[in-house]
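S.K.: This structure is in structure tokens; I'll ask about it shortly.
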Amino acid sequence: MSGSGGPAGVVVEAAPAGSGPTPDDWAAAESLLRGLSADARVLLICHVNPDGDALGSMLGFGLGLRSLGVHRMQATFPGPPEVPEPLRGLPGLDLLVPAIEAYPDPELVICFDAASESRLGELVDRLDTAGAALVLDHHASNTRFGGVNLVDPRAAATSVVAEQLLSRLGVVLDAEIAECLYVALTTDTGSFRFEATTPAVHQLAARLLATGIRPGDISRRVFDTRPFGAVRLFGEALGRARLEPAAAGGRGFVWTWAGLDDLARHGQRPYVLEALIDSVRCTAEADVSCVVKQTTPAEWAVSLRSKGGVDVSRVAVALGGGGHRFAAGFTGRGTVEEVVDRIRGQLDTAVIPAAD
Ligand code: AMP
Ligand code: MN
Ligand code: MN
């Protein structure tokens with residue numbers, strides 16, 4: 001259970017990080033959904049700045065509920081109601097409404113891929129105003145903030161949990177549901193490259209592909225397409241990357257940053273920077289990689305990654321954020337140098353001792 005499959009001897013947190021939903025949790029979630037009246041309003045919420053897993057698991061689940069006859073349903077997320085361009089081809093986008101239009105007091109609220117209430121932004125009040133709250137997630141740091149919580153830290157993506165629940169409800173996967181869940185699964189497994197890519201992940205991918213979806217088209221659209229301005233912007237940001245080989249107990253730290261003026265100069269929207277970390281984390285000489293992305297004049301969205309030598313979720317949690325052991329983030333304030341200094345200050349304590 002806890003710790004197995006990862007680097008040996010690792011103790012991350014006192015919580016039973018490896019344990020997934022109990023049979024009672026599954027039964028409670030099922031009965032919430034089966035008990036909905038014909039006119040019940042259902043509100044689906046995913047985390048702020050939604051990624052492929054957040055939107056894909058939410059919309060895939062929503063389409064599945066629709067196939068069961070749930071017809072009063074909205075999907076939403078906090079913050080600006082802008083869907084990142086690579087995700088604008090997702091089926092089920094017609095379910096989306098801006099946060100400001102979301103049902104104020106739905107019979108049921110379902111949260112996707114959000115580790116804590118803070119990831120729900122201004123929509124957090126729905127946890128109180130809704131008749132019931134169901135949480136679907138896979139972050140080890142999840143605070144179990146729903147009335148019913150289906151949280152499986154071993155799941156590669158929230159979509160894995162979503163598909164299990166859909167299957168229990170008797171939903172038959174169609175190509176639209178499958179495309180949403182496939183985007184979610186490929187986003188969070190780095191297209192089946194990360195450690196969480198188990199045989200069960202490939203079996204789920206096989207079930208999804210069997211609906212006839214086209215993985216080449218989907219991957220090109222979601223991962224391999226960006227505006228020329230973003231290509232140039234990435235060049236500049238990579239050109240000022242810094243390598244600190246002695247940091248993180250000698251495991252090495254590489255980082256770079258991008259500001260609002262960079263985005264403006266290249267005519268780009270903030271979400272184009274989400275993929276920048278994938279180019280930075282290739283650095284052979286560093287275990288830990290980081291991209292600091294300006295979101296307002298004094299605020300930065302920070303992405304942290306590790307190749308397995310450092311528990312970056314510890315760094316992120318210490319600085320007010322969260323995430324997974326090897327992929328985490330937080331909101332930084334002040335200058336880039338101040339934000340990076342704070343990260344440096346946490347790296348040594350987050351180093352994972354080498355296995356004997
Ligand atoms: P990102 O670097 O944005 O792709 O995020 C990597 C992981 O860290 C994801 O699992 C996020 O849920 C988590 N994460 C990122 N930013 C935050 C934040 N401000 N607070 C909590 N978790 C975060
Ligand atoms: Mn996510
Ligand atoms: Mn996820």
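S.K.: Any idea which of (1) out of contact with any Asp or Glu (no Cβ under 9 Å at 6 or more places or on another chain); (2) outside the structural domain of Leu33 (by TED's automatic domain parsing); (3) in a helix (DSSP H, G or I); (4) surrounded by fewer than 19 Cβ atoms within 10 Å (Cβ to Cβ) is the one Ala246 doesn't satisfy?
M.R.: Of (1) out of contact with any Asp or Glu (no Cβ under 9 Å at 6 or more places or on another chain); (2) outside the structural domain of Leu33 (by TED's automatic domain parsing); (3) in a helix (DSSP H, G or I); (4) surrounded by fewer than 19 Cβ atoms within 10 Å (Cβ to Cβ), only one is false for Ala246: (3).
S.K.: Suppose we filter Ala115, Ala140 for residues that are touching a His at 6+ places or on another chain (Cβ under 9 Å) and either under 14 Å from Cys46 (Cβ atoms) or not in a loop (DSSP other than H, G, I, E, B) (or both); which single one remains?
M.R.: Ala115
S.K.: To continue, here is another question. Residues that are farther than 23 Å from Ala264 by Cα and within 12 Å of ligand 1 (Cβ to nearest atom), at least 3 per element: which strands (runs of 3 or more DSSP E) completely within segment 287-356 meet that?
M.R.: Because the criterion is at least 3 residues that are farther than 23 Å from Ala264 by Cα and within 12 Å of ligand 1 (Cβ to nearest atom), the strands (runs of 3 or more DSSP E) in segment 287-356 that meet it are 299-306, 322-324, 327-333.
S.K.: Report whether or not Val70 is in a loop (DSSP other than H, G, I, E, B), crowded, with 19+ Cβ neighbours inside 10 Å and in the same structural domain as Leu173 (by TED's automatic domain parsing).
M.R.: no
S.K.: Another question, then. Within segment 210-233, how many residues are closer than 17 Å to Val83 by Cα and basic (Lys, Arg)?
M.R.: Looking only at that region, the number is 2.
S.K.: I want to confirm something. Restricting to segment 189-204 and keeping residues that are among the polar types (S, T, N, Q) and part of a loop (DSSP other than H, G, I, E, B), which single residue is nearest to ligand 3 (Cβ to nearest atom)?
M.R.: Per the stated criteria, the residue is Thr189.
S.K.: Output yes when any residue across segment 118-133 is on the phi > 0 side of the Ramachandran plot, at pLDDT 95 or above and out of contact with any Pro (no Cβ under 6 Å at 6 or more places or on another chain), and no when none is. Steps first, answer last, please.
M.R.: So in segment 118-133, the residues on the phi > 0 side of the Ramachandran plot come out as 121.
Now drop any that are not at pLDDT 95 or above, which leaves 121.
Among the residues that remain, those that are also out of contact with any Pro (no Cβ under 6 Å at 6 or more places or on another chain) are: none.
No, segment 118-133 contains no residue that is on the phi > 0 side of the Ramachandran plot, at pLDDT 95 or above and out of contact with any Pro (no Cβ under 6 Å at 6 or more places or on another chain).
S.K.: Something else: Select from segment 118-141 the residues that are within 16 Å of ligand 2 (Cβ to nearest atom), surrounded by fewer than 22 Cβ atoms within 10 Å (Cβ to Cβ) and under 23 Å from Gly60 (Cβ atoms) and list them in ascending order.
M.R.: Correct list: Gly121 only.
S.K.: For segment 317-338, which positions are touching a Lys or Arg at 6+ places or on another chain (Cβ under 9 Å) and of a type in the set (S, T, N, Q)?
M.R.: Correct list: empty.
S.K.: Between Ala258, Ala246, which is free of Cβ contacts under 8 Å to residues at least 12 places away in the same chain and of a type in the set (A, V, I, L, M, F, W, C)?
M.R.: Unique residue meeting the criteria: Ala246.
S.K.: Also, quick follow-up: When residues of segment 143-152 are filtered for being within 16 Å of ligand 1 (Cβ to nearest atom) and part of a loop (DSSP other than H, G, I, E, B), how many remain?
M.R.: Looking only at that region, the number is 4.
S.K.: Say whether the condition of being under 20 Å from Leu59 (Cβ atoms), touching a strand residue (DSSP E or B) at 6+ places or on another chain (Cβ under 6 Å) and not polar (S, T, N, Q) is met by at least one residue in segment 156-169.
M.R.: yes
S.K.: Starting from segment 49-70, keep only residues that are at negative phi and acidic (Asp, Glu), then list their pairs with residues that are away from ligand 1 (no atom under 14 Å from the Cβ) and at pLDDT 95 or above whose Cβ atoms are within a distance under 8 Å, requiring at least 6 positions of separation or different chains.
M.R.: Note: pairs meeting the criteria are Asp53/Leu185.
S.K.: Now, a different point. Select, from Pro104, Pro84, Pro91, Pro50, the only residue that is closer than 26 Å to Ala275 by Cα, assigned by TED's automatic domain parsing to the domain that holds Arg214 and away from ligand 3 (no atom under 16 Å from the Cβ).
M.R.: Details: Pro104 fails: closer than 26 Å to Ala275 by Cα; Pro84 fails: away from ligand 3 (no atom under 16 Å from the Cβ); Pro50 fails: away from ligand 3 (no atom under 16 Å from the Cβ).
Answer to the selection: Pro91.
S.K.: When segment 210-237 is examined, which residues are found to be of a type in the set (A, V, I, L, M), surrounded by 14 or more Cβ atoms within 10 Å (Cβ to Cβ) and more than 16 Å from ligand 1 (Cβ to nearest atom)? First the steps, then the outcome.
M.R.: Quick first cut of segment 210-237, residues of a type in the set (A, V, I, L, M) only: 210, 213, 218, 222, 230-231, 233, 237.
Going one step further and asking which of them are surrounded by 14 or more Cβ atoms within 10 Å (Cβ to Cβ), we end up with 213, 218, 222, 230, 233, 237.
Across segment 210-237, the qualifying residues are Ile213, Ile218, Ala230, Leu233.
S.K.: Filter segment 153-188 for residues that are more than 14 Å from ligand 1 (Cβ to nearest atom), more than 24 Å from Leu93 (Cβ to Cβ) and assigned to a loop (DSSP other than H, G, I, E, B) and give the result.
M.R.: Arg154, Gly170
S.K.: Which members of segment 295-308 meet the condition of being away from ligand 3 (no atom under 16 Å from the Cβ) and buried (at least 21 other Cβ atoms within 10 Å of the Cβ)?
M.R.: Trp300, Val302, Ser306
S.K.: Just to verify a result, which residue in segment 51-67, among those that are crowded, with 24+ Cβ neighbours inside 10 Å and not hydrophobic (A, V, I, L, M, F, W, C), is nearest to ligand 2 (Cβ to nearest atom)?
M.R.: Filtering first and then ranking leaves Asp53.
S.K.: Please find, within segment 80-112, the residue that is nearest to ligand 1 (Cβ to nearest atom) out of those that are touching an Asp or Glu at 6+ places or on another chain (Cβ under 8 Å) and in a loop (DSSP other than H, G, I, E, B).
M.R.: Here the residue is Pro84.
S.K.: Additional query: What tally of residues in segment 97-117 results from selecting those that are more than 16 Å from ligand 2 (Cβ to nearest atom) and within 19 Å of Asp39 (Cα to Cα)?
M.R.: Of the residues in that region, 10 qualify.
The values are calculated or read from the model by the stated rules, or taken from the named source; none is laboratory data. None of these values were measured; they are calculated from a predicted model. All Cβ positions, even for glycine, are placed from backbone atoms using ideal geometry, and neighbour counts span all protein chains on display.
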